[in-house]
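One structure follows; several queries about it will come next.
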Amino acid sequence: MSEVEAQRQKEIQQAEELLFAGPQALGFAKGLFHGHFVADWVMPYPRVPAAQQTELDKTLAEVRQFLDEHLDPVAIDRQADIPRAVIDGLGRVGVLGTTAPVEFGGRGFMQMANCQVLEEIGSRCASTSVFVNAHHSIGIRALLLFGTHEQKQKWLPKLVTGEQLGAFALTEKEAGSDAANVQMQARPSPDGSHFILNGEKRYITNAAIAHVLTVMARTPVPDSDKTAITAFLVTPDMPGFTILEARMPKMGIRGTATGRFALRDVKVPKENILGPPGKGLKIALTVLDFGRTTFGACCTGAAKTCLRLAVEHANTRKQFNKTLGEFHLVKKKIARIAADAYAMEAMTTITASLIDRGLEDYMIETAMLKVFTTERLWEAINEAFQIYGGSAYFVDLPLERMVRDARINQIGEGSNEVLTSFIALVGMRGPGMEFKEIYDAMLKPSRGLGKAWTAGMHRLGAAVRIPDVPVRSAELRSFANQLGRLIWRFNIAVNRALIAYREPILDLQLVQERIAGAAMDLFASTCVLSRWDAELQFARRNGDSAPQTNHAADLFLRQSFRRIRRFLSDLSENEDKALLATANSALGKVS
Ligand SMILES: Cc1cc2nc3c(=O)[nH]c(=O)nc-3n(C[C@H](O)[C@H](O)[C@H](O)COP(=O)(O)OP(=O)(O)OC[C@H]3O[C@@H](n4cnc5c(N)ncnc54)[C@H](O)[C@@H]3O)c2cc1C
């Protein structure tokens, strides 16, 4: 077997183990790839239950007051530090343990409520929102999800108040995008009482200020020569824990402490293992699902800030004897930011609700949320920056900081390229397996022809039926019908791609990008339609017989549908060959 083939087999085996353990309810994104509209997960638009909403409103009011009085994003950026007093204050208003159970001192909020808190922080200061995410969304997440009662009792109370801080340490020199390639070793001691950890981690947020780090390291698989990743709780007071660099100087989110550390023969008690030994990669990816959801919330908050800043300037700055907002090319930018911010909020809320409602596998949705919101925010900041002209370039306005801060979003917690490929491949896996079944049965008709027939009919059924998108408001029926038709076209495109390319599609990232792009816009449109429908229904219930048009939602759907059509038509009409030839020539490779 060639090296490339061996690597491919390893990746497939890892993916199988990680992603597809047993039968699961069909989620929304997987449904899309089958040509279905799984309405139950997305309609009606989810709401925080009334009982928790009261508590959430109180918390949000406290958080806003605290941030108004104590958070200075400019000082945090200039001094490249979040003052301890701010961290303590965040702990006092509950932000550092929002989703932790009440019995351990947390607020016990659901993910939807947590996202509203993060949106508020993200609208003001990216350093602070990334710090909170590193501590709460990912740092203590494995403990919350996979910790035993004893582990939670021991560690959580101090972590949820901020007396102690958490960090999540996966990345290493050899394990960046290729997260499965962790090299840090954890060797069991002869008496089995502890593990001895050796290796280095880099780019770890909070590394040097954390009291507890969730560290991913490679452990031997019993009775085999293989190794697997295991999650450990490591504390900096363990002998051999060495901070190599506490605060790596950096371009943006400068208030966060991004560090490097080494573990040299660090003895970690076996009681500090989180979750099942050898299941660390699955644990890490589950943790990152939560991180990607709050990423969406923070980006939504920042996009709303862009909108506010852009509107303020466009309404006051005059050139050619007109305010900038009178020019259509400026209106275009403002409209786009407004439409995207509306969609980002809707998508964040629905994705968070999937976690709250117990959908088992929401990896595609969180990946779509992460890619969509980080790309849209980058665009929004760029547009707002342009509206401010030269003034945006100077440090007395927040936009230059926002540009620097936002750039990490497309790279961290899974680079957007890796996630784009992931969305397409994991999404296509379901229909791909059905095709394989049909194909295998055709080769060996005596075995499983009935099954192949069922699968074939299933695929055919999806191909001829346009799914129903059940909106309740009559004025949205036309959009709903268009969305249904696009899902139908998307499914045909997926089937065609699978038939045309078969296994080599695993390497065809330009095809994957279009399929993922269409899927993301289908999901975003669904979220927008669901939210708009709920608003119209709410207005009706309150006696408003002809509620006003929601212009942002209307524009988003029109633009999103156009993008979907474009993605699908580009699958057959494109210049991929020329593109690859140009890149190969620049890279010095033979085409
Ligand atoms: C400020 C900051 C904070 C961070 N905080 C943490 C933390 O708290 N904990 C933690 O564990 N990690 C953290 N990270 C690490 C972060 O998650 C990684 O930087 C990220 O996963 C990318 O890895 P890499 O930097 O090694 O890039 P690489 O893996 O070298 O990738 C570089 C680029 O190559 C491209 N690429 C890579 N693979 C593919 C592919 N398969 N297909 C197409 N294109 C590809 C992408 O464009 C990617 O951006 C942080 C990083 C930064 C900069």
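Quick check on Asp223: is it modelled with pLDDT of 95 or more, away from the ligand (no atom under 16 Å from the Cβ) and in a loop (DSSP other than H, G, I, E, B)?
Numbers: modelled with pLDDT of 95 or more: no; away from the ligand (no atom under 16 Å from the Cβ): yes; in a loop (DSSP other than H, G, I, E, B): yes.
Here the answer is no, as Asp223 does not meet what is asked.
Check Ala480, Ala462, Ala493 and return the single one that is part of a helix (DSSP H, G or I), surrounded by 14 or more Cβ atoms within 10 Å (Cβ to Cβ) and modelled with pLDDT under 95.
Working: Ala480 fails: modelled with pLDDT under 95; Ala493 fails: modelled with pLDDT under 95.
Sole residue among the options that is part of a helix (DSSP H, G or I), surrounded by 14 or more Cβ atoms within 10 Å (Cβ to Cβ) and modelled with pLDDT under 95: Ala462.
Could you list, ordered by first residue, the pairs with Cβ atoms under 9 Å in which the first is in segment 403-418 and over 18 Å from Phe131 (Cα atoms) and near the ligand (Cβ under 6 Å from one of its atoms) and the second is outside any loop (DSSP other than H, G, I, E, B) and of a type in the set (Asp, Glu), at least 6 apart or interchain?
Glu417/Glu513
Test Ile82 against the stated conditions and say whether it is assigned to a loop (DSSP other than H, G, I, E, B) and either aromatic (Phe, Trp, Tyr) or at pLDDT 90 or above (or both).
Working: assigned to a loop (DSSP other than H, G, I, E, B): yes; either aromatic (Phe, Trp, Tyr) or at pLDDT 90 or above (or both): yes.
Yes.
Further question: Of (1) within 16 Å of the ligand (Cβ to nearest atom); (2) at pLDDT below 95; (3) open to solvent by 20 Å² or more (accessible area, probe 1.4 Å), Ile505 satisfies all except one. Which?
Condition not satisfied by Ile505: (3).
Turning to a different aspect of this structure: Filter segment 43-70 for residues that are farther than 30 Å from Gln537 by Cβ and crowded, with 20+ Cβ neighbours inside 10 Å and give the result.
Restricting attention to segment 43-70, the residues satisfying the condition of being farther than 30 Å from Gln537 by Cβ are 62, 65-70.
Of everything in segment 43-70, just one residue is farther than 30 Å from Gln537 by Cβ and crowded, with 20+ Cβ neighbours inside 10 Å, namely Leu67.
Is segment 181-193 home to any residue that is closer than 30 Å to Met347 by Cβ and in contact with a Ser or Thr (Cβ under 9 Å, 6 or more places away or on another chain)?
Step one: filter segment 181-193 for residues closer than 30 Å to Met347 by Cβ, giving none.
No - not one qualifying residue is present in segment 181-193.
Just a yes or no: is a residue in segment 365-383 open to solvent by 20 Å² or more (accessible area, probe 1.4 Å), among the β-branched types (Val, Ile, Thr) and part of a helix (DSSP H, G or I)?
Going residue by residue through segment 365-383, those that are open to solvent by 20 Å² or more (accessible area, probe 1.4 Å) are 375-376, 378-379, 382-383.
This time we only want the ones that are among the β-branched types (Val, Ile, Thr), so: none.
No, every residue in segment 365-383 fails to be open to solvent by 20 Å² or more (accessible area, probe 1.4 Å), among the β-branched types (Val, Ile, Thr) and part of a helix (DSSP H, G or I).
Taking into account only those residues within segment 426-457 that are open to solvent by 30 Å² or more (accessible area, probe 1.4 Å) and either acidic (Asp, Glu) or at pLDDT 95 or above (or both), which is nearest to the ligand (Cβ to nearest atom)? Show your work before the answer.
Here is the first cut: in segment 426-457, the ones open to solvent by 30 Å² or more (accessible area, probe 1.4 Å) are 429, 433-440, 442-451, 453-454, 457.
If we keep only those that are either acidic (Asp, Glu) or at pLDDT 95 or above (or both) as well, we get 434, 437, 440.
Values: Glu434: 26, Glu437: 28, Asp440: 29 Å.
For segment 426-457, the residue satisfying everything is Glu434.
Go through segment 158-178 residue by residue and tally those that are more than 16 Å from the ligand (Cβ to nearest atom) and over 21 Å from Leu263 (Cβ atoms). Quick ask: steps written out before the conclusion?
Quick first cut of segment 158-178, residues more than 16 Å from the ligand (Cβ to nearest atom) only: 158, 160-164.
Going one step further and asking which of them are over 21 Å from Leu263 (Cβ atoms), we end up with 158, 160-163.
Number satisfying all stated conditions: 5.
Hey, any hits in segment 228-245 for a residue that's within 12 Å of the ligand (Cβ to nearest atom), open to solvent by 10 Å² or more (accessible area, probe 1.4 Å) and more than 24 Å from Lys282 (Cα to Cα)?
No - not one qualifying residue is present in segment 228-245.
What number goes with the only condition from (1) of a type outside the set (Phe, Trp, Tyr); (2) assigned to a helix (DSSP H, G or I); (3) surrounded by fewer than 24 Cβ atoms within 10 Å (Cβ to Cβ) that Ser129 does not pass?
Result: Ser129 passes all but (3).
Please give the number of the condition Asp81 fails out of (1) surrounded by fewer than 15 Cβ atoms within 10 Å (Cβ to Cβ); (2) over 17 Å from Leu118 (Cα atoms); (3) in contact (Cβ under 8 Å) with a residue 12 or more places away in the chain.
(1)
Among the residues of segment 321-328, is any crowded, with 18+ Cβ neighbours inside 10 Å, more than 24 Å from the chain's Cα centre (by Cα) and of a type in the set (A, V, I, L, M)?
Yes - at least one qualifying residue is present in segment 321-328.
Going by the structure shown, is Leu143 in contact (Cβ under 8 Å) with a residue 40 or more places away in the chain and touching a Phe, Trp or Tyr at 6+ places or on another chain (Cβ under 8 Å)?
Values: in contact (Cβ under 8 Å) with a residue 40 or more places away in the chain: yes; touching a Phe, Trp or Tyr at 6+ places or on another chain (Cβ under 8 Å): yes.
Yes.
Which count do you get for residues in segment 263-306 that are over 28 Å from Gly240 (Cα atoms), surrounded by fewer than 24 Cβ atoms within 10 Å (Cβ to Cβ) and of a type in the set (A, V, I, L, M)?
0
Starting from segment 152-181, take each residue that is without any contact (Cβ under 8 Å) to a residue 24 or more places away in the chain and list its partners that are surrounded by fewer than 24 Cβ atoms within 10 Å (Cβ to Cβ) and assigned to a loop (DSSP other than H, G, I, E, B), counting only C-beta distances under 6 angstrom and pairs at least six apart or across chains.
Close Cβ pairs satisfying both conditions: Glu174/Gln183; Asn181/Glu174; Asn181/Ala175.
Identify the single condition in (1) assigned to a strand (DSSP E or B); (2) crowded, with 17+ Cβ neighbours inside 10 Å; (3) aliphatic (A, V, I, L, M) that Ile253 does not satisfy, given that it satisfies every other one.
(1)
Quick test of your reading of the structure: Trp155 fulfils all but one of (1) within 15 Å of the ligand (Cβ to nearest atom); (2) closer than 21 Å to Val132 by Cα; (3) not in a loop (DSSP other than H, G, I, E, B). Name the failing condition by number.
(1)
Let me ask you something else. Filter segment 220-279 for residues that are of a type in the set (S, T, N, Q) and under 30 Å from Glu400 (Cα atoms) and give the result.
Just the residues of segment 220-279 that are of a type in the set (S, T, N, Q), to begin with: 224, 227, 230, 235, 242, 256, 258, 272.
Once the filter is applied, which keeps residues that are of a type in the set (S, T, N, Q) and under 30 Å from Glu400 (Cα atoms), segment 220-279 yields Thr256, Thr258.
Residue by residue, here is whether (1) aliphatic (A, V, I, L, M); (2) within 19 Å of the chain's Cα centre (by Cα); (3) within 23 Å of Leu377 (Cα to Cα) holds:
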residue: Gly108; (1), (2), (3): no, no, no
residue: Val117; (1), (2), (3): yes, yes, yes
residue: Glu120; (1), (2), (3): no, yes, yes
residue: Phe131; (1), (2), (3): no, yes, yes
residue: Ser137; (1), (2), (3): no, yes, yes
residue: Leu156; (1), (2), (3): yes, no, no
residue: Leu159; (1), (2), (3): yes, no, no
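So in segment 158-174, with the set limited to residues that are of a type in the set (D, E, K, R) and part of a loop (DSSP other than H, G, I, E, B), which one is nearest to Thr205 (Cα to Cα)?
Just the residues of segment 158-174 that are of a type in the set (D, E, K, R), to begin with: 158, 163, 172-174.
After this cut, where a residue has to be part of a loop (DSSP other than H, G, I, E, B) as well, the list is 163, 172-174.
Numbers: Glu163: 17, Glu172: 13, Lys173: 15, Glu174: 18 Å.
Among those residues, the one meeting the criterion is Glu172.
For segment 528-579, which positions are over 26 Å from Thr349 (Cβ atoms), in contact (Cβ under 8 Å) with a residue 40 or more places away in the chain and more than 25 Å from the chain's Cα centre (by Cα)?
Residues satisfying the conditions are Asp570, Leu571, Asn574, Asp576, Leu579.
List the number of the failed condition for Val403; all other conditions in (1) modelled with pLDDT under 95; (2) open to solvent by 10 Å² or more (accessible area, probe 1.4 Å); (3) touching a helix residue (DSSP H, G or I) at 6+ places or on another chain (Cβ under 8 Å) hold.
With (1) modelled with pLDDT under 95; (2) open to solvent by 10 Å² or more (accessible area, probe 1.4 Å); (3) touching a helix residue (DSSP H, G or I) at 6+ places or on another chain (Cβ under 8 Å) applied to Val403, the lone miss is (1).
Select from segment 183-204 the residues that are assigned to a loop (DSSP other than H, G, I, E, B) and without any contact (Cβ under 8 Å) to a residue 60 or more places away in the chain and write down the one among them that is nearest to the ligand (Cβ to nearest atom). If you could, list the steps in order and put the result at the bottom.
First, the residues of segment 183-204 that are assigned to a loop (DSSP other than H, G, I, E, B): 183-184, 189-193.
Within this subset, residues satisfying the condition of being without any contact (Cβ under 8 Å) to a residue 60 or more places away in the chain are 183, 190-191.
On the way: Gln183: 13, Pro190: 31, Asp191: 31 Å.
Among those residues, the one meeting the criterion is Gln183.
The values are calculated or read from the model by the stated rules, or taken from the named source; none is laboratory data. These numbers come from a predicted model, not from an experiment. Using ideal geometry, Cβ is built from the backbone for each residue, glycine included, and neighbour counts are taken over all protein chains shown. These area figures cover heavy atoms from the full protein model, side chains too; ligands, DNA and RNA do not enter into them. Shrake-Rupley method; radii C 1.70, N 1.55, O 1.52, S 1.80 Å.
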